[in-house]
Each structure stands twice: as structure tokens, then as C-alpha cells.
1. Could you please find all residues in region 58-88 being within 15 Å of residue 118 (Cβ to Cβ), touching an Asp or Glu at 6+ places or on another chain (Cβ under 9 Å) and not small (Gly, Ala, Ser)?
2. So in region 131-150, with the set limited to residues that are modelled with pLDDT of 85 or more and out of contact with any Phe, Trp or Tyr (no Cβ under 8 Å at 6 or more places or on another chain), which one is nearest to residue 117 (Cα to Cα)?
3. So residue 85 passes all but one of these: (1) of a type in the set (A, V, I, L, M, F, W, C); (2) farther than 29 Å from residue 157 by Cα; (3) assigned to a loop (DSSP other than H, G, I, E, B). Which condition number does it fail?
4. Filter region 99-134 down to residues that are aliphatic (A, V, I, L, M) and outside any strand (DSSP E or B) and give me whichever is surrounded by the fewest Cβ atoms within 10 Å (Cβ to Cβ).
5. Suppose we keep only residues that are hydrophobic (A, V, I, L, M, F, W, C) and at pLDDT 90 or above within region 151-182. Which one would you say is surrounded by the most Cβ atoms within 10 Å (Cβ to Cβ)?
Amino acid sequence: MRPSNGFRYAALRLATASLILLPATVADAKERQPAEASFPQPVAAWLAQARQDCPAGFQNHNAVESIDLTGDGRPGYIANPHNLVCAGEPHLFSGDGPASIELFVTLPSGEVVHTGGVRALGYQVMPSPQGGAPTLAFQTHEENERAGSLDTYRWDGHNFAMLNRNSMAAPPVNGPDAEYQR
């Protein structure tokens, strides 16, 4: 066998092996498609924008939680940028400060809409004991406040209404100006 025939034979075997693996590779690629493909358009657009903002080193660590936010059984979505990572710019999405946690609800028509966001360090979803819409608690920290607050919201049928705002500022020990009252 001449050397050129050996290369031709190896190339032919490699091409045949590639054709055998091609269907499996296509199937694997479909399974590895980004999760945002399964989200409704406004939620997928939020994730796509985040991916575009971080051209290298983007990672999504379950940044979108699907949960009934309105109490009517339709899916809602909480998009939390704290669960996104940008290796090239570690503070792009949240760093160690607050970021806008975005809320999306499904209307009775089936349309998914973005209802706004809350600038917060984190959130908690608390089911309603009476049923219906859960209460959303956000740990906020605005730059103009010395201490943050714990703000609670619930869907009122049209939007999220604030139920309560509790400052996280510590009250003075022994009352105000206790050291001067002796």
C-alpha cells in the first residue's frame, strides 16, 4: 500500500465514523440548548439580554424560578440576576450589592407580561395560608438609606401591591440618648 492510499483509507474511515456520530451529536446539541428556549418570550428576552451583556464567561445558575405568583394557577416567573455569572466582569449582574429582581406573570389571556422589578439583595416566596397569591418578601438596600428594609408584596389582580415595609435599622439600645439621661 502506498502512503497516499493509507491517508485516503484513514480519511474514508474518519468520514464514515463522523456520519455515524452525526445524528447523536445533533440530538445531544438539542438537549443542551439553553433553558431560555423553554421560557415565554419576555422571560427568554431577559435571559438573552443578560447573555448579550456578558459576551464571555456567561453562566446561568437557575436565575429564573417558575412559580404561581397570582394565585390563579398560571405560571409566573421571578428572574434573579444574583444567579447569573459573568466571568469577565464579576460585578456585572449584582456583585455584592442589590440588583433588580424582575417579576413576570401570565394574564388570564395567556400572555406573559413583565410587571417590574424590585432592587433587592434577595427574596423569599411565602405561600398564603388562605390560598391565593403568595407573599413575596424582598430584602432591599437602597443607596440613599443607611439600612435596608424588608418589603412584602402580593398580587392584587392587576399588579403587585406593597403590603408592608419594615426597616432593618437597629433601634437604639436602652432608648434614644440613654447615655445622656443619667
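The values are calculated or read from the model by the stated rules, or taken from the named source; none is laboratory data. Just so it is clear, the structure is predicted and the values come from calculations on it, not from any experiment. For neighbour counting, all protein chains shown are included, and Cβ atoms are generated from backbone atoms with ideal geometry for every residue, glycine included.
1. 77, 78, 80, 81
2. 140
3. Among (1) of a type in the set (A, V, I, L, M, F, W, C); (2) farther than 29 Å from residue 157 by Cα; (3) assigned to a loop (DSSP other than H, G, I, E, B), residue 85 violates only (3).
4. Among them, the one singled out is 107.
5. That would be 155.
Conditions (1) at pLDDT below 80; (2) among the β-branched types (Val, Ile, Thr), marked per residue:
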position	(1), (2)
23	yes, no
28	yes, no
37	yes, no
47	no, no
61	no, no
64	no, yes
80	no, no
102	no, no
